[in-house]
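K.L.:
Take this structure, written in structure tokens, and hold onto it; I'll ask about it next.
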Amino acid sequence: MGTATGIIRALNSGIKHIATKRFTLRYPEEKLKFVGDGYQFDPSTGVGIAGLKGRHMLFHDHCTGCQLCSIACEGVAEAIAMVKVPEEQKQNKKSIMPQIDYGKCVFCGLCVDACPFYALYMTNDYELSSFSKEGLIYTPAQLQVKPYVAQDSEIQISDRGATHG
Amino acid sequence: MSAETENPPAEAKPEVKSPPPKPAPKKPEAAPVELPAFEKSISDKLVEKFGDKVEVGFVKEDRVRINVGREDVHDVAEFIRDELNYDHVESVSGVDYPQDNEIEVVYHIGSYTESSLARQILVLATRAQRETNPIPGNDATKLPTLRDVFYSVEFHEREVFEMFGVFFDGHPDNRRLLLPEDWADLPPLRKDFAIKGR
Amino acid sequence: MTFTLPPGLALQKVDERIMTLNVGPQHPGSGHMRIIVQIDGDYIVACDPDPGYVHRGEEKMAEYRNYITNIPHLERPVIHDSCNVLYPYVLGAEELLGIEVPERAKYVRVIASELNRCIYIMYWLAIYGIFLGHSTMFMWPAGDRELLIDLMEKMTGARVTHAHFVPGGVRNDLPPNFEDVCLRQVNYFEKRIKEYAAVFYDNPILISRTKDTGILSRQDAIRYGTTGSVLRASGVDYDLRVKEPYDVYDELDVHTNVMKEGDSYARSRVPWLDMMESCNIIRQALQKMPKSGSVRVKLKPNPKTKGLESVYKRVESGRGSLGCYIVSDAKPEPYRVKMSVPSFRNLIALPNLLKGEKLGNMPSVYWSLNYWPVEADR
Amino acid sequence: MADAAFLALTVITIGSAIAALELRSLIYGSIALMGTLGGIAGFFFLLDAPFVALFQLAVYVGSIAVLILFTVMLVKRELIFNKIEDKRRKFAGIGLMLIIMVSLGAVFLDSGIKTITTDEPATDFRDIGTDFVTYYWPALILMGLILAGSVTGALVLAKREDVENDQRAS
Amino acid sequence: MVGELAGNYSTVVLMFGFAMAAMAPALVISRMISPRKRSNPVKFLPMECGQVPSGEGRTHFMMQYYPYILMFVVFDVMAIFLYAWGSALLEIPKMATLPMMGFLAIMFGAMAFALYQSGRRRIW
Amino acid sequence: MSVIAPNFKLSEFIKSLLDNVFWIVLLLVLIGIPAVMMVLFFMEMPVIDGELLTPFLALTWLADPSRILPVVKAFMATDIFRVMAFPGFGFAALLAAGTIFVERKMLAKLQLRVGPFYCGKFEGILQLMGDGLKLISKEIIIPAKADKPIFWAAPVLFVAAAAAFVAFIPVAPGWVVADVEMGLLGVFAVIGFFPIITILSAWSANSKFPFIGGIRALFQMVSFEIPLILSLLGVVMLTGSLNLSQIAASQSSFPWIVFLPVGAIVFFITMLAELERIPFDLPEAESEIVAGWLTELSGMMYGLVQLGTYLKLYAFAALFVVIFLGGWNGPMVVPPFPAELLEEGIELGPIVAGPFPGLPLFDQAMLNGTLWFVLKTVAVIFFILLPRGVFPRIRVDMLLNLGWTKLIGLAFVNIFIALGLLYAGVLGPGGLQ
Amino acid sequence: MTSELVDFTLVSVALLGIGIYGLAVKRNFIRMLFAVEIIINAANLNIVAFGRFLPHSGGQTMALFSIAIAAAEVAVGLSLIIVAYRMYQNVDIADFRSLKG
């Protein structure tokens, strides 16, 4: 008898879920909403400000070319290289700025923690695919651009199940 | 790390560096005498039984370290199992000390059955001779296996064998475990095996 | 007895009835490892696990990086349990460096650790479902896991590889309004996992399939040194959160789930009960957590330890007790890092359990051992 | 129509009967044997005995052929492709076959059955069932005994004697 | 007329033949339009989970379940015998069920023995 | 578009299409039509509606569609039409394709997913076509030591055997490919072919996993065939016929499932096992033996096996409907055809189409029967698909125990229930029917 | 002209001849079993043919019994083959000499 009731319970649960709202996100059309603008670091308190660890954004006017981000990356992914920037973009004395290879980056955010001048942020742009390896290397000029991300889906919990509304 | 690495744990013992943490910087002056009682009793039992053969590495809260010579390790392990009620080995780690020309094998032994020992880890360390040009399995880097004492060391010892070249005498199944079949280099966790580019 | 031939190539002449079957590495029921089974008809005569296909030398790599930069790569073996796999390393490094962690950071760590445990168990459960041919049990946990991943993402900014724990606390403070969202989603999550009972855990077909298969007796569980849910399913009441509480677990009310049977079913049910317990712990921690305060102690960029000393710390991860043995020699880099991982400790039970089982029980017994091949290989 | 079917069935049946015995691989031999059995079933259809024909298909092709295939596959691979026979016996066998075929064929062709034709409707299959339990019921019971005996005997025969030196652990 | 009834059954053969004739071109077309690269001999090895195949692929048998096939051969006959009886049941007298019951009783005895034998996995 | 195929240009694509169309039309006009005419000229043409069919007559159909109707009707009365299209292969393949789509969407819904979504504008409705195109354009890899003839033939034979099974299914009164006296026994004979095809295919691949899978399939199908055969005996006893059309017709007042629920349950379970659906999909248990006996099949061979599997699924569901659920019987819901439409034609404003003397092609009873049959079949298919979402796979020894002890026992219980009903006078002559 | 009784008998004679040839020539146990099957089928064909042409339902009934007995015989015969194969690892009938009493 236990077997029969168990089987009926399982079937019942299955049929019930046919009427439950589906949970899946239709990804390219809908995108998840994240906290804040992205991961930042506040050197004064020593803790980060929560946010998505996506692609970096570099504020050229804050960057001093101190290479701390590159050093921080050394043991992790070696994705950051300091490159010469053209004279017209020059913001610091050495005129070097980080260039990030997203083929290597692991998005740990240690470079953001290392930057003492609020120059590196991480944004919530994570769609970084490219057809070539070179396309994944972001120069300082590319890193300067603030990405446009339209993300609005949030998990909604209702009586008929959770959805990405 | 030149001179003081001779026999590091042994050196660490006398002045009991165990609670050196910063938050209590006052402690080191007062601490040396007050070893945790229960842990002390365990190490005392061992010293009582084996005398000079065992050397107490340190006695910290929940952790007791014993250094044993390679010929006594089997007996000590049996004593630990039978008398002290430890019943399984959590991990077997090799540590390479090229300066001492020795490879240390550390057994972390714990107990499930004895509730008072639940938070205790007995660290049993022994050392094997280290060869400059190792031929794993065929050189002097050998230790008696503890598999007949603690069954749970079986795979751990196999791992130590391939990672350090320490051959465990009497281990029934001393084969490669993790490394690829065609690995023909040094055992990789020895200090003289360098990662490329570093 | 030097390097013997790898087991797959050293085919001994056996009885004609016996066939050697390579299960893995490219097999839907093996994970990143190979199990060489010899079968006589439907029965497994001998079994030889052959891990190592995803060995990446984490321990060697850790010797070249300093205490901070070790963090992102040490969590890689178990990316869906990355907080817990870092936890013992961080605790050990804190002891070596002599750091006291702020109270709020400890609570944040506990919450992150428990969330991550649930994430891991959901992943494990999904694979367990698909190993038993239950495709719904693959999809539901994979979907409901999203609730917790969303929380972790809000908390740490990454979906799986958080790199959140550092010596001295956690990387960032909780985002505003996190407590409410966390409570809401965790409550809903608990409601969801209770629904798994009807379709999975109380399913008579599953019960008849996994009951009395691969029985690991209490003595054997202790003798093999198994840990985590495998141990608790065999009737040993051992949970490090209770027995050796780290951080703030001694202030929380943690209940240990123990089952006596020791079969595949018990081993699969204990993690499920653990998830509910984790939800409880998260709720307690959210309640007791200091509402404000520092979450991180500032460190020097390249922290150095005092002298040559060693430390062994362990935590209860999703798979069981996870120990980290760190030897330091007063340098920015650790001298030796050894992860004593639960998967590797549980693997020893596999050949013993599979011997004499039916071939059809192989996936259920294998996966019920809570074995994560990448972690075991490190 | 019926003639064409008859000819085709004859070719299939006799051809595959020869193939069953002469093909090198035993597996192909079993498949050819299935062809023979199916051909015979076709003849039964032509003889208005669909019940027997489908019984033949279900029992012979569906189960006996499976059993034969299984047993053939059980045999070592080299033996499947091994043909054990000698030339002289083969010629003698062919001679014997021809003698039997010619003499029996001659007898049949000479006898009166050549003239037998019928226009009566075919037997209804329900009559078979009725026959089973009325007129032929002792035969049915005997049939049951034979089947029971055969399954018992087959099981007792096929089980292994050397269980003691079994390597299996369970 | 002999051979009349066979015409009805020919449509089944026709269906069989039609399906074969319709499906074989699918394979042929697929063979024609699909790429055929013969460069890599490893591609044509049998599946062995990424290892080089060892041993013979056709040697393995679940002998533990062999009795079930033996039983099938015999009880299949029994099942279709039952059809001969069952389809005529409306026309035969009630007493005539008794021989069939006797037949069934014998077969039940045999089946009980056979199930007992096949349940003992160790002897196969 | 440019992301997927960077060198794609719409204008060139359209130009190539137009080129192809031009050449096809040209060749058809210059060669195709004359060739057809020549062939038709020498063929003996049938007489339709009292008119001898000539090529010129055939040409006039192009001008007057209503004249084609008698020809269509005549064609529909032939065996070829039945085999190819309506109760036969085309109908079954259509339902099978629908089954695949419904299975994927329904399973997705049960698992809180979306399912196929992008292929085809509406909810991935063209996914199956996409899969078929993918399968047909994939390389067929044959293992080196495989037994090639058997290996090639097995998928085709599998589909053919499934199609032969479909041939026995009556869809509507009079609409059945093979209206034979021994329909049910024919079904059993055809079912017996599947294990042979499976084991031969598995053997010919010369690989370990397919062979284990094939042996498992053999054991499973063979073990469940006897309960399957026995579970239908009750109905046969009560109707006294093996003809599926008669069995379906005998349920005009009530379906047999009312009296023989045990047999229906046993038949349903054995059906799942014969179909290798999920609680019993041991021959393809992917976590134990990679894909079972399908491991070495690639490309279109795999596609054909899938097609055969779903044809078989349709056929079994239809058999369940015919035997236990009353087949085509159901209340008449199709409205009668309006007479004025057939006599006067359709008026759409200024245009008057018709009248069409040949219409309707199908009569009312047939449409109604087909409707009910399809509805019931879809319901049964739903219940066949549902276990895939809620049950795990069982083990081979459990399966054999289930088949040989429990199901055979239940089947005999069902037989005795039927016997009791018959001899107690509830059913049969003198009873309800 | 429709098919007549004599046609069926001739086919069955041909099958009988082939079966006897197989029994006489082959030394492979399984092949001999094939030959036996062919002979049994030839007999069945005759039974059914005569039952049809000398109208009597007994012909089909006998054929059913005959097929059933053949099934039983195959089951036992294949068990014997398995036993013999297990003992001698061969299917050659010449190797089975020691099975003689």
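We did not get these values from a lab; they are worked out from the coordinates using the rules stated. Bear in mind that the values here come from a model prediction, so they are computed numbers and not experimental data. Neighbour counts run over all protein chains shown; Cβ positions are idealised from the backbone, glycine included.
K.L.:
How big is chain E in terms of Cα radius of gyration and Dmax, in angstroms?
P.N.:
Spelled out, the Cα radius of gyration and Dmax of chain E are 25.3, 74 Å.
K.L.:
Check every DSSP H run in chain F and write down those whose alpha carbon atoms cover 18 angstrom or more along the long axis and whose mean Kyte-Doolittle hydropathy is -1.0 or greater.
P.N.:
F:10-27, F:89-110, F:148-166, F:208-231, F:261-275, F:300-324, F:364-385, F:408-423
K.L.:
Scan chain A and report its longest stretch carrying no chymotrypsin sites (Phe, Trp or Tyr not before Pro) that are both in a DSSP loop and have at most 10 other Cβ atoms within 10 Å.
P.N.:
A:1-130
K.L.:
Right, another one. With no solvent and one equal point scatterer per Cα, compute the Debye intensity ratio I(q)/I(0) for region A:35-147 at 0.15, 0.16 Å⁻¹ and report its log10, rounded to two decimals.
P.N.:
-0.58, -0.67
K.L.:
Okay, next question. Of F:Ile196, D:Ile141, C:Ile35, how do they rank once you tally other Cβ atoms within 10 Å and put the fewest first?
P.N.:
Least to most surrounded, the residues fall as D:Ile141, F:Ile196, C:Ile35.
K.L.:
Contour minus end-to-end for F:Ile31 and F:Lys15, with contour as 0.36 nm per residue of separation and end-to-end as the Cα-Cα distance?
P.N.:
Fully extending the segment from F:Ile31 to F:Lys15 adds 3.4 nm.
K.L.:
I need the Debye-formula profile for chain F: one equal scatterer per C-alpha, no solvent, reported as log10 I(q)/I(0) at q = 0.10, 0.12, 0.13 1/Å, two decimals.
P.N.:
-0.90, -1.16, -1.27
K.L.:
Compute a Gaussian network model of chain F, connecting alpha carbons closer than 10 Å, and tell me which residue from F:Glu181, F:Glu225, F:Glu44 fluctuates the most.
P.N.:
Taking springs between Cα atoms under 10 Å, the residue moving most is F:Glu44.
K.L.:
On a C-alpha basis, how far is the centre of region E:86-119 from the centre of region F:127-181 in Å? Whole number, if you could?
P.N.:
37
K.L.:
May I ask you to evaluate 6.51 cos²θ - 1.76 cosθ + 1.60, the Karplus curve with θ = phi - 60°, for each residue of region C:262-277 and list the ³J(HN,Hα) values in order in whole Hz, giving x for glycine and proline?
P.N.:
Each residue's phi maps through the Karplus curve to give x, 9, 4, 5, 5, 5, 8, 8, 4, x, 5, 5, 4, 5, 5, 4 Hz.
K.L.:
So what are the ³J(HN,Hα) numbers for region A:130-143, from phi and the Karplus equation (6.51, -1.76, 1.60; θ = phi - 60°), rounded to whole Hz, Gly and Pro as x?
P.N.:
8, 7, 10, 5, 5, x, 8, 8, 9, 6, x, 5, 5, 5
K.L.:
Quick query: amide H of B:Val95 versus all other amide H atoms, modeled in the peptide plane; which residues come in under 5 Å with a sequence gap of 5 or more or a different chain?
P.N.:
B:Glu104, B:Val105, B:Val106
K.L.:
Over the whole of F:144-151, what's the average partner chain Cβ count within 10 Å per residue? Rounded to a whole number, please.
P.N.:
The mean count of partner-chain Cβ atoms within 10 Å per residue comes to 3.
K.L.:
Step through the table entries C:Lys106/C:Lys304; C:Lys154/C:Lys331; C:Lys211/F:Lys105; A:Lys21/C:Lys194; D:Lys90/F:Lys148; F:Lys145/G:Lys26, compare each Cα-Cα distance with 26 Å, and write down the pairs that go over it.
P.N.:
Violating the 26 Å limit, Cα to Cα: C:Lys154/C:Lys331; C:Lys211/F:Lys105; D:Lys90/F:Lys148; F:Lys145/G:Lys26.
K.L.:
Taking amide H positions as placed 1.01 Å from N in the peptide plane, with prolines and chain starts having none, which residues 5 or more places from A:Gln99, or on another chain, fall under 5 Å of its amide H?
P.N.:
Residues meeting the criterion, in which the H sits 1.01 Å from N, are A:Ala81, A:Met82, A:Val83.
K.L.:
On average over all directions, what projected area in square nanometres does chain G have, based on the convex hull of its Cα atoms?
P.N.:
7.6
K.L.:
Taking amide H positions as placed 1.01 Å from N in the peptide plane, with prolines and chain starts having none, which residues 5 or more places from C:Leu308, or on another chain, fall under 5 Å of its amide H?
P.N.:
Distant-sequence amide H within range of C:Leu308: zero hits.
K.L.:
Using Cα centres only, tell me the gap between region C:129-204 and region F:251-316 in whole Å.
P.N.:
Between the Cα centres of region C:129-204 and region F:251-316 lies a distance of 36 Å.
K.L.:
As an exercise, take the mean of 1/r over every pair of distinct alpha carbons in region B:90-177, invert it, and state the Kirkwood radius in angstroms.
P.N.:
13.5
K.L.:
Given the Cα atoms of region F:364-404, and with Rh set as the inverse mean 1/r over their pairs in the Kirkwood sense, what is Rg to Rh to two decimals?
P.N.:
In region F:364-404, Rg relative to Rh is 1.30.
K.L.:
For B:Ser115, F:Ser250, which order do you get if you count the other beta carbons within 10 Å of each Cβ and list the fewest first?
P.N.:
The order, fewest Cβ neighbours first, is B:Ser115, F:Ser250.
K.L.:
Which trypsin sites (Lys or Arg not before Pro) in region E:82-124 sit in a loop by DSSP (not H, G, I, E or B) and have at most 16 other Cβ atoms within 10 Å of their own Cβ?
P.N.:
When the trypsin sites (Lys or Arg not before Pro) of region E:82-124 are filtered for loop state and at most 16 Cβ neighbours within 10 Å, E:Arg120 remain.
K.L.:
Further question on the same structure: Among C:Ile193, C:His255, B:Trp183, pick out the residue whose Cα is farthest towards the positive end of the charge dipole of the protein assembly as shown, where Lys and Arg carry +1 and Asp and Glu carry -1 on C-beta, about the Cα centre.
P.N.:
Positive-end residue among those listed: B:Trp183.
K.L.:
Take chain F, mark every one of the trypsin sites (Lys or Arg not before Pro) that falls in a DSSP loop and has at most 15 other Cβ within 10 Å, then report the longest stretch left between them, sites excluded.
P.N.:
Formally, the longest exposed-site-free interval is F:122-433.
K.L.:
What aspartates and glutamates sit close enough to F:Lys9 to cross-link, taking a C-alpha to C-alpha distance under 16 Å and skipping anything fewer than 8 places away on the same chain?
P.N.:
F:Asp19
K.L.:
Further, regarding this structure: Mind checking the log10 I(q)/I(0) for the protein assembly as shown at q = 0.06, 0.08 Å⁻¹? Debye, one equal scatterer per Cα, no solvent, two decimals.
P.N.:
-0.73, -1.13
K.L.:
Just to check I understand the Karplus step: with θ = phi - 60° and J = 6.51 cos²θ - 1.76 cosθ + 1.60, what whole-Hz values come out for region C:278-286, glycine and proline as x?
P.N.:
Going residue by residue, I get 4, 4, 4, 4, 4, 5, 4, 5, 4 Hz, with x marking Gly and Pro.
K.L.:
Against the 2.2 N^0.38 Å scaling, with N counting residues, where does region B:36-169 land? I'd like the Cα-based Rg ratio to two decimal places.
P.N.:
Here the Cα radius of gyration is 1.02 times the empirical estimate.
K.L.:
Given the convex hull of the Cα atoms of region C:58-343, what is a quarter of its surface area in nm²?
P.N.:
Mean projected area for region C:58-343: 14.2 nm², to one decimal.
K.L.:
Based on other C-beta atoms within 10 Å, arrange F:Cys119, A:Cys108 from fewest to most.
P.N.:
F:Cys119, A:Cys108
K.L.:
A further question on this structure: Quick check on the protein assembly as shown: helices-only [θ] at 222 nm, where DSSP H runs of length 4 and up contribute -39,500 (n - 2.57) each and the sum goes over total residues. Nearest 500, please.
P.N.:
-15500 deg cm²/dmol
K.L.:
Name the residue farthest towards the positive end of the dipole of region F:123-267 from the options F:Phe267, F:Ala249, F:Leu218, assuming +1 on Cβ of Lys and Arg, -1 on Cβ of Asp and Glu, about the Cα centre.
P.N.:
Toward the positive end, the furthest listed residue is F:Leu218.
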